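Trainee: I'd like to ask some things about the structure below.
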Amino acid sequence: MADFHIRLDGVTKTYGSLRVVDNLRLDIIRGEFLSLLGPSGSGKTTILMMLAGFQDASEGTIYVDGNMINDIPSHKRNMGVVFQSYALFPHMSVAQNVAFPLKMRGFGRSDIRERVERALDMVQLSTMKDRKPSQLSGGQQQRVALARALVFEPGVVLMDEPLGALDKQLREQMQLDIRELHARLGLTIVFVTHDQSEALTMSDRIAVFNKGRIEQIDTPRMIYDHPATRFVAEFIGETNLMEGEIAGREGDEAMVRLSDGCMMRVRARDGLERGAKVLVTIRPEKVELSDPPAAANSFPVTVSDTIYQGDHFRVQLQGAGQRFIARRDRRAAEWPQGARLHATFAADDCWVIAP
Ligand code: ADP
Ligand code: MG
């Protein structure tokens, strides 16, 4: 049995008639890096605020280590919190900022000095401990916020879009730094983001949120390759969706009749009866394109545009009565607009979801 660190049981948050978190059931495994991923307004921050104790749940129970914590005040929850805005105290030095949670908790002077040094070491800011926040770059300020969240050695760190204000290069570096810290310290991290590539890069598991509910919770690989719903398929990366119905089944594969009559072989799943309406999803990098007619599971397509993207080409196609996108590597020929090709789909790469 997995060792659950945190359990949310039937947690709901309402504002008037609006249910921004809707009967949430979520078990967070000890030591995991869990991302809450979803569009703006899907309730991610609200969940983090309830975990941190800055907001009360309207209904439901939150457990940490098996104990209900609904009525425990935030400073006694042993959770470090990092927000998008660094929320550093501007009049305090870096060291004083990091020392703050320790003072709040009544640590002794020499203990504080030692712990602050260790925390600043961890985020590589030891040489800047006497500076004021205004004398630091955005990335450095965020590292101070991180040190402040870690300094009292909490078992859980909650992060709300902590890298959102940083530019792309720095953000990607910090993603790797935080991942490494997580691996080294063995913390449980709950990380909120609306950036799907960030969630794929960093997480052990991703919970995909839509309107206060979890659409799917699983590993990055399962979320990407086997999305449970249309929402997940479209929110995580780019995908092609084709409407059809199950026409039959042969062992590990099922036949789908697409709406224009084309037949496709797809990976079979339990519970797909003949006649069931389905959506077939296939990722752009899995679509094969060839000049001569290809084997089974392919149909003719016409190139409507080819866009050079540096490390790959994005090919827009028309076929089987709809639009497709394919990704081909940079050595692929640059097909002219109007080129007639065949698109081939390996049955194993075609994943079926309910419409
Ligand atoms: P996310 O972090 O996923 O963007 P939030 O948890 O911040 O989403 O917000 C979820 C929903 O709750 C939004 O529709 C937001 O407008 C609403 N909301 C958040 N705080 C309040 C509040 N204090 N009063 C009323 N509505 C709120
Ligand atoms: Mg938010």
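Read the figures in this text as sums done on the coordinates, not as results from a lab. Note that the structure is predicted; figures quoted are calculated from it, not measured. No Cβ is skipped: glycine too gets one built from the backbone with ideal geometry, and neighbour counts run over all protein chains shown.
Trainee: In whole angstrom, note down how far apart the Cα centers of segment 87-151 and segment 194-239 are.
Mentor: If we compute the Cα centre of each part, the gap is 34 Å.
Trainee: What FRET efficiency comes out for the pair residue 134/residue 105, r = Cβ-Cβ distance, R0 = 30 Å, nearest 0.05?
Mentor: 0.65
Trainee: Applying 1/(1 + (r/R0)^6) with R0 = 45 Å to the Cβ-Cβ distance of residue 114 and residue 58, what FRET efficiency is obtained, to the nearest 0.05?
Mentor: 0.60
Trainee: Over all Cα pairs of segment 238-353, how is the pair count split among 5 Å bins, expressed in % and running from 0 up to the last occupied bin?
Mentor: 2, 13, 23, 24, 17, 11, 6, 3, 1
Trainee: Another question about this same structure. Among 226, 194, 91, which one shows the biggest mean-square fluctuation in a GNM of the chain, springs joining Cα atoms closer than 10 Å?
Mentor: Ranking 226, 194, 91 by mean-square fluctuation puts 91 first.
Trainee: Under 19 Å from the 7 Å Cα→Cβ point of residue 250, by amide nitrogen: which residues of segment 260-276?
Mentor: 261-270, 272-276
Trainee: Take the Cβ-Cβ distance between residue 25 and residue 96 as r, set R0 to 45 Å, and report the resulting FRET efficiency rounded to the nearest 0.05.
Mentor: It comes out at approximately 0.65.
Trainee: Taking the highest mean first, how do the peptides 179-185, 229-235 order by number of other beta carbon atoms within 10 angstrom per residue?
Mentor: 229-235, 179-185
Trainee: Okay, moving on. May I ask for the angle, rounded to the nearest 10°, between helix 94-104 and the longest principal axis of the chain, with both axes built from Cα atoms and the value confined to 0 to 90°?
Mentor: Approximately 70 degrees, to the nearest 10.
Trainee: Could I have the simple spin-label model distance between residue 302 and residue 243, label points 7 Å from Cα toward Cβ, reported in nm to one decimal?
Mentor: Each label point is offset 7 Å from its Cα along the Cβ direction, giving 2.2 nm.
Trainee: Quickly work out the residue 267-to-residue 172 label distance, labels modelled 7 Å from Cα along the C-beta direction, and quote it in nm with one decimal.
Mentor: For the pair residue 172/residue 267, the computed spacing is 2.8 nm.
Trainee: While we're on this one: May I ask for the angle, rounded to the nearest 10°, between helix 138-150 and the longest principal axis of the chain, with both axes built from Cα atoms and the value confined to 0 to 90°?
Mentor: On a 0 to 90 degree scale, this one is about 70.
Trainee: Let me ask something else. Can you give the direction-averaged projected area of the convex hull of the alpha-carbon atoms in segment 4-228, in nm²?
Mentor: Mean shadow area of the hull around the Cα atoms is 12.5 nm².
Trainee: Grab the Cα-Cα distance for residue 354 and residue 179, subtract it from 0.36 nm times how many residues apart they are, and report the gain in nm with one decimal. Mind dumping the intermediate values first?
Mentor: Values: separation 175, 0.36 × 175 = 63.00 nm, distance 3.43 nm.
Stretched fully, the residue 354-residue 179 segment lengthens by 59.6 nm.
Trainee: Something else about it: Among residues other than residue 252 whose Cβ falls under 14 Å from its Cβ, what is the net charge (Lys/Arg +1, Asp/Glu -1)? It would help to have the intermediate numbers written out before the result.
Mentor: Details: positive: 249, 265, 267, 269; negative: 250, 253, 270, 348, 349.
For residues surrounding residue 252, the net value is -1.
Trainee: Here's another thing I want to ask about it. What relative contact order, as a whole-number percentage, does segment 1-105 give when Cα pairs under 8 Å and 6 or more residues apart are counted?
Mentor: Details: 128 pairs, mean separation 26.7, N = 105.
Once divided by the residue count of segment 1-105, the mean separation gives 25 percent.
Trainee: Could I ask something else about it? Give the angle, between 0 and 90 degrees and rounded to the nearest 10, that separates the Cα long axis of helix 168-185 from the longest principal axis of the Cα atoms of the chain.
Mentor: Relative to the chain, helix 168-185 is tipped by roughly 70 degrees.
Trainee: Continuing with the same structure: I want to check the label-to-label distance for residue 197 and residue 288. Put each point 7 Å from Cα in the C-beta direction and report it in nm to one decimal.
Mentor: Label-label distance for residue 197 and residue 288, simple model: 2.8 nm.
Trainee: Give the separation of the Cα centroids, segment 280-329 to segment 248-268, in Å.
Mentor: Value for the Cα centre distance between the two parts: 19 Å.
Trainee: Another question about this same structure. Quick one: dipole size for the chain, taken about the Cα centre, charges +1 on Lys/Arg Cβ and -1 on Asp/Glu Cβ, in debye to the nearest 20.
Mentor: Here the chain has a charge dipole of around 900 debye.
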